[in-house]
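Trainee: Structure below; questions to follow.
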Amino acid sequence: MTGLTGELPLLTSTKRYDTGRIDPGDELLERAFRGAIDVTSRQGAWVFALRAAVGLVRLDPGAAETLAAIAPRFPPELESPDLDHARVQLERRP
C-alpha cells in the first residue's frame, strides 16, 4: 500500500480534508498510511514517509508521535509544503 492509497479516500471524503474530520475508525486508511510509512522509512524515502505521517495524523491526531519521529530528519531551515503541514500538525498536538 502507498500513501496515495490513504490520501485518495481522504480527498474524496464528504468531510473536509484540511481539517482532518473524517471517520477516525477507518482501519483501511490507517493501515494504508502506516504501511506507507513503514515502506518509505525502510527505503530512506523520508519525504514520502513525512507525507504519509501527516495524512495519518489528520486521520488520527493520536498518531502525532509517528510524525514527531520523522520530522526531525529535516533541517529546521528547510521549507516545503510537506514540512509546513507537518510542523502545523506538530504544533497542534497537546
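Trainee: If packing is taken as the average count of other Cβ atoms within 10 Å, what order do 45-57, 65-77 fall into, highest mean first?
Mentor: Ranked by mean Cβ neighbours within 10 Å, highest first: 45-57, 65-77.
Trainee: Students often check this: by mean Cβ neighbours within 10 Å, which of 35-41, 80-86 ranks highest, and how do the rest follow? Kindly include the intermediate steps, with their values, before the conclusion.
Mentor: On the way: 35-41: 19.3, 80-86: 15.3.
So the peptides 35-41, 80-86, ranked by packing, come out 35-41, 80-86.
Here, each number is a calculation from the coordinates, and none is a lab measurement. No experiment lies behind these values; they were computed from the predicted model shown. Counting neighbours? That spans all protein chains shown, and the Cβs are built from the backbone with ideal geometry, glycine included.
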